[in-house]
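Each remark here refers to the structure printed beneath this line.
Just so you know, all these numbers are worked out from the coordinates, no wet-lab data involved. Treat the numbers as computed from the prediction; the structure is a model and nothing was measured. Here the Cβ positions follow ideal geometry from the backbone for every residue, glycine too, while neighbour counts run over all protein chains shown.
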Amino acid sequence: MLDCPSCGASIGQTDVRWDQKLAICSNCDLRVQIAYVDDEWVALSSNEPEPPKGLRVEVDEPPEAVVGGYREMAQPQGRLTVTRRWWTPGIVLPTVFVLLWDAFFARVYGPMVFGSGTTNDPAVYVGVPHAVAGVVFTWFVLAIWLNRTTIDLRERTLSCHEGPIRWPFNRPVSVSLDSVESFELAPKDRKGRQVSEWRVLARLGNGETVPVVTRLVSEAQAKFLVRRLEQYRGS
């Protein structure tokens, strides 16, 4: 019917709310006000979609184009900062389990470890695997409660930080926008299970793809970030 003025994808009739004369691009979620002019549908105006649930845009300062002579140059001072909290309601039950686990370990094995004259008790060594498991479970729960992902784009360099608790798995890579051919979204492979995590990948000039944003919990979050990053990349 018409092409999206932002990403260029085709907007079909099923993507149009005819009563409102509003088209929503299925590729980038841009909202386009349309009208029937000279026997064809045309875009009158468009509105940027709101950040999907779970994402917060802290800073959004696109680089301004400055005309100099016959050429138009983009200033490198543009900056985009988006944050996402890791916390989800699903962490409540694991938190209760960890509290009970740690309390049980402290009550049963604490006196053996810290009591006088008990360091030779074989039960102390039996409890070592339980202690290690408790540390791992506690670390995981604290990370989900406290961590947030910060996507920061400044001076055409994109970086993604996760913290304050270090998370060593699926760490994102920092890239320069000048080395990126395109940004893509991709679900994390769950071996046939329902997709619960999405990533943003950067396709580099040499054909390699690297993860630049990880641990997104919905396709909408990944789509939003891909679209905004493409806007900055093409500026």
* Which loop-located trypsin sites (Lys or Arg not before Pro) does the range 136-235 contain, where loop means any DSSP state but H, G, I, E or B and the Cβ has at most 16 other Cβ atoms within 10 Å? -> ARG166, LYS188, ARG190, LYS191, ARG193
* Structure fact -> Residues THR209, THR88 in order from fewest to most other beta-carbon atoms within 10 Å are THR88, THR209
* How much length is gained if the chain between THR209 and ALA131 is pulled fully straight, taking 0.36 nm per residue apart and subtracting their Cα-Cα distance, in nm to one decimal? -> 24.1 nm
* Exposure proxy order (Cβ contacts within 10 Å, fewest to most) of VAL82, VAL210, VAL175 -> VAL210, VAL175, VAL82
